[in-house]
Every structure is written in C-alpha cells, then in structure tokens.
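The values are calculated or read from the model by the stated rules, or taken from the named source; none is laboratory data. Computed from a prediction, not measured in an experiment: that's the story for all the values here. Here Cβ is always computed from backbone atoms with ideal geometry, including for glycine, and neighbour counts include all displayed protein chains. Heads up: the accessible areas ignore ligands, DNA and RNA and are worked out on the full protein's heavy atoms, side chains in. Shrake-Rupley method; radii C 1.70, N 1.55, O 1.52, S 1.80 Å.
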There are 6 protein chains.
Amino acid sequence: MAAKEDGLARGKAKMVELFGPGADEPGGVLFEMAPKLGKIAQETLFGDVWADPALDTRLRSFITMAALVVLDRQPELRIHFRGALNLGIPREQIIALISHMAFYGGMPVALNSLKTAKEVFEKWDAATAKFRK
Amino acid sequence: MAAKEDGLARGKAKMVELFGPGADEPGGVLFEMAPKLGKIAQETLFGDVWADPALDTRLRSFITMAALVVLDRQPELRIHFRGALNLGIPREQIIALISHMAFYGGMPVALNSLKTAKEVFEKWDAATAKFRK
Amino acid sequence: MAAKEDGLARGKAKMVELFGPGADEPGGVLFEMAPKLGKIAQETLFGDVWADPALDTRLRSFITMAALVVLDRQPELRIHFRGALNLGIPREQIIALISHMAFYGGMPVALNSLKTAKEVFEKWDAATAKFRK
Amino acid sequence: MAAKEDGLARGKAKMVELFGPGADEPGGVLFEMAPKLGKIAQETLFGDVWADPALDTRLRSFITMAALVVLDRQPELRIHFRGALNLGIPREQIIALISHMAFYGGMPVALNSLKTAKEVFEKWDAATAKFRK
Amino acid sequence: MAAKEDGLARGKAKMVELFGPGADEPGGVLFEMAPKLGKIAQETLFGDVWADPALDTRLRSFITMAALVVLDRQPELRIHFRGALNLGIPREQIIALISHMAFYGGMPVALNSLKTAKEVFEKWDAATAKFRK
Amino acid sequence: MAAKEDGLARGKAKMVELFGPGADEPGGVLFEMAPKLGKIAQETLFGDVWADPALDTRLRSFITMAALVVLDRQPELRIHFRGALNLGIPREQIIALISHMAFYGGMPVALNSLKTAKEVFEKWDAATAKFRK
C-alpha cells in the first residue's frame, strides 16, 4: 500500500491542476482553524479520491459542481466554478449543468448557482483583462 | 421557436436512448397519477434539457447520478444507475462517482447509494444471464 | 396566558378534526418511546400552532404537505395525505400540489410523493368500500 | 394540445398577477445567464404549473413559501414574500406560515425566514410610503 | 403536570445559562415578528427540552452544533458557537466537532462552519480584550 | 507524521470499541463494492477522526447520532444506535437526543428516528435474551 506521503504529493499536484499554482500551499481558514482536516483534504480527498484515475479530472469537476448546486453550497461552488474554468470547461457547459440541476434540486438552487456563476465569470474576465495589459 | 410537439418527440427519443426501448411510453405512477407532470417530464425535462446538445447524454447521466447520490434519492438512483449501464458507463466509474460524493454529501449517502448500485448491478446481471441462454 | 391544559384540549380537538376519531389518544411509537415529545406534539404543535386561527386547518394541511413533499418525508406524508382526504381536500388538488413542488424540491421528491399518494388513495378507497357494504 | 406560445402568454400573465407589472419581461440573472431555463420558467413553471386552475394563485403562493422556508432558500423567499404581499395575503398569515414550518423544517429555517420577511415588509412599507407622498 | 409558567421560568433560566445575562429577555426578530413562536421557543424548546435533565447542557450544546453544522445553518451556528464558548467548551473541541461532521454532512458544510467559528472566536476575543482593559 | 498503517490499526481498534468484536473486518457492501472507500473509512474516518482524542468516543457517538437524525439517514442511524448501546449510552439519553433534534431538523425526522430506535432496541433485547439462556 502507498505511504501517506505519496497521497500528499498526489493531492497537491491535483490541487494545482484544478485550482492553479499555489493551491497546494496549506492556507486559508481550513488550515488555520483545522489543520488535521486540511491534511485529510489534501491527502485523502485530493490525493486518494480526485487523483484516482477511474474518473478524469474534468468529469470529477462536473460531478462536484452538480453536487454543490443541488445542495446549495454557494461558497464552495465559487471555488469549483473557478476550477472548472481553469480546466478549460466552457461556460455554456457550466450553464447547461446548472439548468439540468433545476429539475433535480429545484429551480431555487439553480437560480442561486447562476448568480454565483455570473460573479465568478466576471471576476475571471476582470483578472484576465488585467493580465493581458 | 420550436413547437411543443418537437420537444415531445425529442424527449421520447432521449428517453429511449437513456432507458431502452419502451421508455417513451407514458406509463408508471407518474402518468397514472399526474399526466400533466408526466408531459412536462417528457417534453421539457427530456425534450428540452436532456436533449440539449450543450452536454452529451453520458455526461448528463453522470451529473444526474451525482445529484441523486448527495440528495439520497434512492428510488430515482435505481432508474439512473440502470440508465448509466444502458449507456455503457462502466461500473467502476459509477463506484468512483459514489465514492467521490462521500466527501460532498457525506458517507451515509454514499453507503445508501452503494447498496442501491449493488441491487441494480445484480438485477442487470440476472436479466442479461437469462437473455443469453 | 392560557394554561397548558387548554393547549392539550385544543390540540386533541384539532387532531380529531384532522385525522379522525381516536387520533387524540396518546399512542403509536411517539408516545411509547418519547412521551414528553408526544405531549409537546399534542399541546404545542397541535394545540398552539395548528389550532391558531391565523390560518385555517385546510390551508395548514396544504402547507404541511408542501413541506413534507420537498423534504421527502414519506412516512409523515402518508399521515398528512390521509388527513387531507379526511378534511375533504380533492385528490386533484393534492396531485397539483405535488406537481407544483417538482419545481421547488426537484422531480425526484415529486415522484416519491406520487407513489405515496397512490398508496394512500388506494387504501382509502379499500376502507371506504368495506365500510359501504 | 396547447401550443407553446399559449404557455408563454399564460406564464407571462401569471407572473404579472403574482409579481406586478413588468415581471413578464425576460430579465435578471436567469435570462442573462440561462435564457433557455428562463423560457422554461415562463412557459412551463408559470404557464403550465402556476396557471393550472387546479389550485388558485393564493394557495400556490402559500405552498411555495412553505417549500422555500423549510428548504432555507432565502433569496427566492424574498421574491415570493413580495409576491404574497402583492396578492394581498396578510402579513399575519405569512408569519403564521413561517411559525408552522418551524415544526416541520426546524426552528433555524423559521428564524432565517422571519429575518427575510422583516426585510421584505420594511422595503414594502418604504416603497409604499414613497408612493403615497 | 407542570404549569406553563414553570416552563417559561425554566426556559429563561436555561437561556441565561447558555447565552449569558439578558438572553431571557424577549427580543430580536423572533419576538418582534412572531411573539407566539418566541414564547414556544422559551417555554417549550428551552423550558421543556433543553432543561430536561436527561442530557446536560454541555452535551445539548454539542448535539445542537452537530445538527446546525450538517444542515448548514450558519446564522444559528453563530449563536450556538457563542453559547458553547460561554459554557466553557474548549475551542479545540468545537473544531473537532466540525471536522467530524465533514464525514457525515460533507466537506462543504465543515468549511462553512469553520469560517463562522473563526468569526465568532475573533469577536469573542475582541470583546474579552476590551473587557480586560 | 504517522504512517497510514498506524491509522488503519487505530481505525480498526476504534471500530471494535464502537461496534463490537469483528467490526474491524473489511466486509459488507462498502468493502464489496468500493474497497478504496472502505479503506478511507477505516484509516481516515475511524483512524484519524473518531480516534482523535480531542473528543471522546461517547461524545462522538452523540454528535454522530445528532447529525444522522436531522439528515434522516435511517440505515446509518440503525448502526450508530447499536454503537451507542454498545458504548453503554442509556436509552433515555438516546430518546432525549432524538427529541431535542425535533426542534432543529423538524418533527418528521424525530418520528422516523424513534421508529428506528424502537427496532434497534427490540433487536438488542432479543439478542441479549438469547445470550442469557
């Protein structure tokens, strides 16, 4: 069986692939408040689950967004919408996913998620515009 | 704008693609109890949403299973696990999806969904075995 | 302020109005396992809330069914569908309520609730048929 | 069967009845981000479901608020509290509905919904006061 | 059986024990908007349930936080995190509770709750610092 | 940092403490269908989280039951009610916990959980009676 250190390395690599450079640094509220849970997120969630090749990263991004939309978890959706853009998932596919979810979790969770998507897309465009100058 | 009749035809075709021959017949509790809602399911959910080419049917199957797992909707999961097998989605990918969801909806919904998957897989095998004889 | 005993009497009367003769008897799993919670249900839930004339009993039956449908609480829906029939709410209105909820809680909770409604309606008809002979 | 155009007209009329003049204009985040889902909301949710005479608009407003309270969907509650005031539903009935829901969805969703109701009532009063001058 | 007035007195005493001096005053949005529900909270929720010696107050604080974390009820968590600090529950136990819940309600509710805990802890420290000067 | 093997050993010991002899054997639907997730449950959920001494096992049992009650996860409640009895938690405390949860997750989840508790208690008594003969 693989040592935990391998899971940590795999998890960090997957976090960078998904969220961009620096995403593997232990930081944010999670690591500040609950470093043990942070380690579980890195090693187990990203290192064992997301890094498992049974499903590719793009598909995992889609199913994660689906779960977060129907559960109405807007702060985490914000993070995973950014991740999806980072992976190159087209915006129209994100919109189609949210619209599909309206029939499984109800219209209200779709509406909330569209608002979050709009904010993420606008910030992405603003950041990209700054970068291009 | 497309006439409703087109949506109905598209929806029926999508239901057959997803659930197999005969799935487009109005039947079951839905049509017996609430025929108007049944029509909405055919025309709008399957005809407008599932049939929208922005996401392909396989991907829609994945995100639907993801939603149903985290919401713990076991009776509908049963139907969509069968749909996924019908589309040729490998079982190991369905298992990987359920395992991924354990971290977004909690371990209990993953456990419940694994039980449902086991039952669906066993019935599928039994039906296939009968068919082969 | 009214004494608790009044709440108890009001609650029992409301339970009989809603669920029929005998419904005010402390019984069932609730009273067997958790008699204090049973008393709270009688005195406070039925005696203070359901008996509050700000909303009439029929309307309270509708909003209770709406809540139970979107939360997918099938065992309690069974009880409140019977209560609704007992109050004379037409079946087509119950079906319309479930169908409406499909857009707020998702199709799966509507489908589950239609199955429960079908069972309750059939038991009601069987009981009524027996009674008529 | 009715053509889709009829559903659209019925849906727009129902949206004006519920939310006031201008509510039938395609606008807001829904139409900007997901125009297809916006069309489904107008034609199917408002045109086929809300406009179905099996339940009158006031009763549909009550069951919608009930669902949104127990699911803790505060942004949509805001819209439907305004709709309820627009239909002439008395505030004490809205408060009674929220209080009733405390026993089906828990005290926390009732508290959150009371805060939202307070904000909506205050904005309504401010807007009405301005109008009267 | 105890008179309702006793429940009210017990409830007020429990609210002061849990939330500090003044917490027994009818106030806030609950009493302003829904005084009947406020009375039920005082008499029944705090006077009958929280004051029932079958579970001590500290343990009730833990199970209440657990419920609020997995249901993602952040505004009420804020109140009960403060109550927990007031009862002398160590912060590392609150963090351990939130981390435990990640596996039952999903990572997203744990993350949201950690953010809320951080804010409550910081306000507590700021208030205590002011008090010490 | 501890090696994963230690987590596995700690997790197995905790599972035996909580669920009785044999509970550390990889078995059941979880291990049959999703062995990787089973390993995560043993090593991480039981080995890192449940075995973390920040909260003792009895307290973790209480908060787990609280979460499962409000989320209405009856199959897992069945397992954890047995675990609680195994740890020596008195039945009246389990009943008090369920009753407390009625105010946070709603009456319906409390009712469902009381039914499950009744079944678990009866099976426990039947098994104990057989053992005594």
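Given the conditions (1) under 14 Å from the mean Cα position of the chain (by Cα); (2) over 23 Å from A:His100 (Cα atoms); (3) modelled with pLDDT under 95, report the number of the one that B:Lys130 does not fulfil. Condition (1) is where B:Lys130 drops out.
All of A:Ala84, A:Ala117, A:Ala110, A:Ala102 fail the test of being closer than 19 Å to D:Pro75 by Cβ and under 14 Å from the mean Cα position of the chain (by Cα), apart from A:Ala117.
Within the range E:64-81, can you find the residues that are assigned to a helix (DSSP H, G or I) and over 10 Å from the mean Cα position of the chain (by Cα)?
E:Ala66, E:Ala67, E:Val69, E:Val70, E:Gln74, E:Pro75
Would you point out which residue out of C:Ala67, C:Ala41 is of a type outside the set (D, E, K, R) and out of contact with any helix residue (DSSP H, G or I) (no Cβ under 6 Å at 6 or more places or on another chain)?
C:Ala41
Residues are listed down the side, and each one gets a yes or a no for (1) open to solvent by 30 Å² or more (accessible area, probe 1.4 Å); (2) within 11 Å of chain B (Cβ to nearest Cβ); (3) not in a helix (DSSP H, G or I):
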| residue | (1), (2), (3) |
| --- | --- |
| A:Glu17 | yes, no, no |
| A:Lys39 | yes, no, no |
| A:Leu59 | no, yes, no |
| A:Ser113 | no, no, no |
| A:Ala117 | no, no, no |
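Does the range F:19-30 hold any residues that are buried (at least 16 other Cβ atoms within 10 Å of the Cβ) and modelled with pLDDT of 90 or more, and which are they?
If the condition is that a residue be buried (at least 16 other Cβ atoms within 10 Å of the Cβ) and modelled with pLDDT of 90 or more, then F:Phe19, F:Ala23, F:Val29, F:Leu30 are the ones that fit.
In the range E:69-90, of all residues being open to solvent by less than 10 Å² (accessible area, probe 1.4 Å) and in contact with a Phe, Trp or Tyr (Cβ under 7 Å, 6 or more places away or on another chain), the one that is farthest from the other protein chains (Cβ to nearest Cβ) corresponds to E:Gly83.
Give the residue, chosen from F:Phe103, F:Phe46, that is open to solvent by less than 40 Å² (accessible area, probe 1.4 Å), over 30 Å from A:Gly47 (Cβ atoms) and either in contact with a Gly (Cβ under 8 Å, 6 or more places away or on another chain) or in contact (Cβ under 8 Å) with a residue 24 or more places away in the chain (or both). None of the others qualify; the one that does is F:Phe103.
Conditions (1) touching a Cys at 6+ places or on another chain (Cβ under 7 Å); (2) aliphatic (A, V, I, L, M); (3) not assigned by TED's automatic domain parsing to the domain that holds F:Asp6, marked per residue:
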| residue | (1), (2), (3) |
| --- | --- |
| F:Leu30 | no, yes, no |
| F:Leu37 | no, yes, no |
| F:Phe62 | no, no, yes |
| F:Val69 | no, yes, yes |
| F:Gln74 | no, no, yes |
| F:Arg91 | no, no, yes |
| F:Ala110 | no, yes, yes |
| F:Leu114 | no, yes, yes |
| F:Trp124 | no, no, yes |
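When E:Ile94 is tested against (1) farther than 25 Å from B:Met101 by Cβ; (2) surrounded by fewer than 24 Cβ atoms within 10 Å (Cβ to Cβ), only condition (2) is not met.
Just one residue in the set F:Ala51, F:Ala34, F:Ala3, F:Ala41 is out of contact with any His (no Cβ under 6 Å at 6 or more places or on another chain) and at pLDDT below 95; that residue is F:Ala3.
Would it be correct to say that C:Ala9 is assigned to a helix (DSSP H, G or I), assigned by TED's automatic domain parsing to the domain that holds C:Thr128 and small (Gly, Ala, Ser)? Judged against the criteria, C:Ala9 is not a match. Assessment of the range A:26-34 against the conditions (closer than 17 Å to A:Arg78 by Cα and aliphatic (A, V, I, L, M)) yields at least one matching residue. Suppose the filter is touching a Ser or Thr at 6+ places or on another chain (Cβ under 8 Å) and more than 8 Å from every other protein chain (Cβ to nearest Cβ); does E:Glu25 pass it? Here the answer is no, as E:Glu25 does not meet what is asked. The criterion of being assigned to a loop (DSSP other than H, G, I, E, B) and touching a residue at least 12 places away in the same chain (Cβ under 8 Å) holds for A:Ile89.
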